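Below is one structure, written out as structure tokens; the observations come after it.
The values are calculated or read from the model by the stated rules, or taken from the named source; none is laboratory data. Everything numeric here is computed off the predicted structure, so don't read it as measured data. Cβ coordinates were reconstructed from backbone atoms using ideal geometry, including for glycine residues, and neighbour counts include every protein chain displayed.
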Amino acid sequence: MKVLCGIGGTDDSLRALERSVDRAAVADDDLTIAVLDNPDSTRTPDDLVERAAAAVESAGIDAEVRRVDGDPGSRLIEIAEDEGFDEIVLGGGQTSPMGKITIGSIAEFVLLNAKTSVTLVR
Amino acid sequence: MTGRRFPETVAGAFPDVPVPFVDAAGRDVEIRAYDGSDGAREALVAMYDSFDPADRAQGIPPGGDERIREWLETILAADCLNVLAWCGDEVAGHATLVPDDEAYELAIFVHQDYQEAGIGTRLIKGLLGYGRAAGVEKVWLTVERWNHAAVSLYKKIGFETSDAESFEMEMSLRLNESADGEA
């Protein structure tokens, strides 16, 4: 399967990265990791590119890590449609101190607008 | 996460716990602060064990005894404020304030057997009275925007909408002036 995993640097996006890489290693996915500008994140895109590349290398898979500038939700959808991806994978939301799950703004936009299937990783 | 907005004006009066009353179904109910006893904790676990998942909100309360206990361990910690609605030796409802960096997050649950009897309103007012007495300044919550009953309850209590841009609506309330005078 051709999978596009979007990560913006929040903790839930790093779980999505981990899960996508692990899955690609066993399912032989054609994986692309898109590093997005997420204003809600404190991690820098350079950090994320490095982290994603390290995850790919340690899993021993062949996956592309790509910086994506501009509005993260719409850019992800554009890439998925233009390049024929089967699925978009994103973090499944942050958890408040209370334990409430809040879906991020990128996931909200992608869920409502994508033509591909969307997986939110919990 | 961007900073949350809170009202500048302090909300109206809230009662001190305990608050005894007769609910709309004629049952004797009392709102009391959680005392940390084993008995109170087990009665609360029992309420959540039989809680209808249809009334789950953003993933809480979780399902299954083990997950419920794990979740309660976090929100019954010493830095959190909890009140329970007791009907005899049964817990009918639970409201909690859980601190983050600058404010307290609020959540409230009333068991299905006790809903629509005026318990939720008494419970949240009792919690806010308890929180004010403990010096809590700012309170926030999130609620699914389609949950009109909850949204109108929060508005009636004095909560104001602070963020309406996401799936979940965020509302906030001020209980006490900030120590530094800043809103």
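Observations on the structure shown:
- In the condition set (1) within 14 Å of another protein chain (Cβ to nearest Cβ); (2) assigned to a helix (DSSP H, G or I), residue A:55 is compliant with all but (1).
- Among residues of the stretch B:62-76, those that are part of a loop (DSSP other than H, G, I, E, B) and over 23 Å from residue B:122 (Cα atoms), counted: 3
- Within the span defined as the stretch A:17-29, one or more residues are without any contact (Cβ under 8 Å) to a residue 40 or more places away in the chain and either on the phi > 0 side of the Ramachandran plot or not in a helix (DSSP H, G or I) (or both).
- Matching residues in the stretch A:84-113 - criterion: being assigned to a helix (DSSP H, G or I) and either more than 12 Å from every other protein chain (Cβ to nearest Cβ) or not aromatic (Phe, Trp, Tyr) (or both): A:105, A:106, A:107, A:108, A:110, A:111, A:112, A:113
- For the stretch B:129-138, the criterion of being in a loop (DSSP other than H, G, I, E, B) and either modelled with pLDDT under 95 or hydroxyl-bearing (Ser, Thr, Tyr) (or both) is satisfied by no residue at all.
- Failed item, numbered, when residue B:38 is tested on (1) surrounded by 11 or more Cβ atoms within 10 Å (Cβ to Cβ); (2) over 26 Å from residue B:144 (Cβ atoms): (1)
- Residue match in the stretch B:92-102 (condition: hydrophobic (A, V, I, L, M, F, W, C), part of a helix (DSSP H, G or I) and in contact with a Pro (Cβ under 9 Å, 6 or more places away or on another chain)): no
- The residue pairs whose first member lies in the stretch B:161-181 and is within 14 Å of chain A (Cβ to nearest Cβ), whose second member is at pLDDT 95 or above and loosely packed, with under 15 Cβ neighbours inside 10 Å, and whose beta carbons are closer than 9 Å, counting only pairs six or more residues apart or on different chains, are B:171/B:155.
- Flag for residue A:60 being of a type in the set (Gly, Ala, Ser), surrounded by 18 or more Cβ atoms within 10 Å (Cβ to Cβ) and at pLDDT 95 or above: no
Here is a yes/no grid of residues against (1) charged (D, E, K, R); (2) within 11 Å of chain A (Cβ to nearest Cβ); (3) in contact (Cβ under 8 Å) with a residue 40 or more places away in the chain:
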{"position": "B:19", "(1), (2), (3)": "no, no, yes"}
{"position": "B:33", "(1), (2), (3)": "no, no, yes"}
{"position": "B:54", "(1), (2), (3)": "no, no, no"}
{"position": "B:65", "(1), (2), (3)": "yes, no, no"}
{"position": "B:95", "(1), (2), (3)": "no, no, no"}
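- Looking only at the stretch A:86-108, and only at residues there that are over 19 Å from residue B:60 (Cα atoms) and surrounded by fewer than 21 Cβ atoms within 10 Å (Cβ to Cβ), the one that is nearest to the chain's Cα centre (by Cα): A:87
- Checked against the criterion of being in contact with a strand residue (DSSP E or B) (Cβ under 8 Å, 6 or more places away or on another chain), of a type in the set (Lys, Arg) and modelled with pLDDT under 95, the candidates B:5, B:56, B:32, B:27 yield just one match: B:5.
- When we screen B:23, B:28 for residues that are over 18 Å from residue B:96 (Cβ atoms) and crowded, with 16+ Cβ neighbours inside 10 Å, the only hit is B:23.
- Single residue of A:32, A:42 found to be assigned to a loop (DSSP other than H, G, I, E, B) and of a type in the set (S, T, N, Q): A:42
- Looking only at the stretch B:104-114, residues that are more than 10 Å from chain A (Cβ to nearest Cβ), buried (at least 16 other Cβ atoms within 10 Å of the Cβ) and in contact (Cβ under 8 Å) with a residue 24 or more places away in the chain come to 4 in all.
- Test for residue A:92: is it touching a Lys or Arg at 6+ places or on another chain (Cβ under 8 Å), closer than 29 Å to residue B:170 by Cβ and modelled with pLDDT under 95: yes
- The one condition in (1) assigned to a helix (DSSP H, G or I); (2) hydrophobic (A, V, I, L, M, F, W, C); (3) more than 26 Å from residue A:94 (Cα to Cα) that residue B:150 fails to fulfil: (3)
- Among the candidates B:104, B:154, B:130, the residue that is under 20 Å from residue B:37 (Cα atoms) and among the aromatic types (Phe, Trp, Tyr) is uniquely B:130.
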